[in-house]
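Note sheet for the following structure.
Computed from the coordinates by the stated procedures, all read-outs in this text should not be read as laboratory data. A quick note: this is a predicted structure, and the numbers were derived from the prediction, not measured. Here the Cβ positions follow ideal geometry from the backbone for every residue, glycine too, while neighbour counts run over all protein chains shown.
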Amino acid sequence: MKNHKPTKYRQSKIKKLHFNNSFTKNLITDSTAKTKSLKPFFSFNNAYLYKGDVLNSSSFLKEFCDLIVTSPPYNVGIEYNSNNDVLTYDDYLKFTHKWLLNCYKWSKNSGRLLLNIPLDKNKGGQKSVGADITAIAQKVGWKYHSTIVWNEGNISRRTAWGSFMSASAPYVIAPVELILVLYKECWKKIDGSKISDISKKDFMDWTNGLWTFNGESKKRIGHPAPFPKELPYRVIKLFSYIGDIVFDPFSGSGTTALVAALNKRIGIGLDIDNQYCELAKRRILHELNTFNFQEAKNG
Ligand SMILES: C[S@@+](CC[C@H](N)C(=O)[O-])C[C@H]1O[C@@H](n2cnc3c(N)ncnc32)[C@H](O)[C@@H]1O
């Protein structure tokens, strides 16, 4: 992950940005509402974690997200602590509809959703997961912008040949995942700080929708399905302004909230599992403290 310095002019503007630490009170909760929204599980600097269920529409009571970066469970039998990852395909699509609808409600009109999902599914019957989720998202109201293909160089999916060297029933498996680019009302961003901090090279490279970088190690992070920091990093730099609110409703080890806070955004993570929230808390504390120490050392 590279560190790009904004120009001097922008640096002075950035310093003036006020990250309001009580923003959760103002933006996510609604003092006039009868139901209470979630209280933060943890917060540090500009990173906030909530323990709760994305299927519960009153987890948050207001529109607050500028950008959602997330990767939901893929329903491929991963052993998560608190959710079943072996639903029928029909139930998985119903689950998808529900959480996409809640995230739609929690997004600002200019909100964007960058959704990391599988292209397809081979185990237990071939399914066009990417196409099906794209259709559901649009049914919910999300507008389609484009699709980034993430080539994660993972050949572990290469487990079955079907009929080897025979046209009888060969299997074709692409070692890629998708990152759908969706938005709520209008693609052009009209609110926020209007300050971008992406370099010319990264802008040119990343607007080419074929991204190649490795996945993350489960063992290193201590979570069964983390994505690498590079994924939210690119998305945040390309699709959000400094000071924007970046939300991950399936926060897991807290990668999105961490990367957002490291890059002068406000990062908010939601996860249903207490242990993953604890893991994300430790990770955020460790990395943000290390980052603050380096910043102080370098003046
Ligand atoms: C694919 S992982 C996300 C990993 C994350 N991107 C990271 O880098 O660590 C999916 C996460 O969704 C969480 N989850 C599953 N069902 C949920 C629900 N209904 N509400 C909130 N979180 C849920 C799981 O606990 C798991 O941590």
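So how strong a dipole does region 109-246 carry about its Cα centre when Lys and Arg Cβ are +1 and Asp and Glu Cβ are -1, to the nearest 20 debye? Magnitude of the dipole: close to 140 debye. Pick from Phe227, Phe64, Phe44 the residue whose mean-square fluctuation is largest in a GNM of the chain, springs joining Cα atoms under 10 Å. In this elastic network of the chain, the residue with the biggest mean-square fluctuation among Phe227, Phe64, Phe44 is Phe44. Considering the options Gly269, Ala169, Ser82, tell which one lies farthest towards the positive end of the dipole of the chain, charges being +1 on Lys and Arg and -1 on Asp and Glu at the Cβ, about the Cα centre. The residue sitting farthest along the positive end of the dipole is Gly269.
Taking only DSSP H segments of four or more residues, each worth -39500 (n - 2.57), what value at 222 nm results for the chain once the sum is divided by all its residues, to the nearest 500 deg cm²/dmol?
-9500 deg cm²/dmol
Of all the options Lys189, Lys219, Lys281, the one that moves most in a Gaussian network model of the chain with Cα springs shorter than 10 angstrom is Lys219.
Among Ser107, Ser251, Ser146, the largest mean-square fluctuation in a Gaussian network model of the chain, built with springs joining Cα atoms closer than 10 Å, belongs to Ser146. Counting only DSSP beta bridges whose two residues both lie in the chain, roughly 50 percent are antiparallel.
Provide Ile266, Ile190 in ascending order of the number of other Cβ atoms located within 10 Å of each residue's Cβ, fewest first.
Values: Ile266 26, Ile190 10.
Ordered from fewest to most neighbouring Cβ atoms within 10 Å, Ile266, Ile190 come out as Ile190, Ile266.
For the chain, a crude dipole built from +1 on the beta carbon of Lys and Arg and -1 on the beta carbon of Asp and Glu, taken about the Cα centre, is about 1120 debye to the nearest 20.
Between region 250-266 and region 109-157, how many Å separate their Cα centres? Their Cα centres are 21 Å away from one another. Its relative contact order, with pairs defined as Cα atoms under 8 Å and 6+ residues apart, puts the chain at 23 percent.
A simple spin-label model places the labels of Lys219 and Asn292 3.3 nm from each other, with each point 7 Å out along Cα-to-Cβ.
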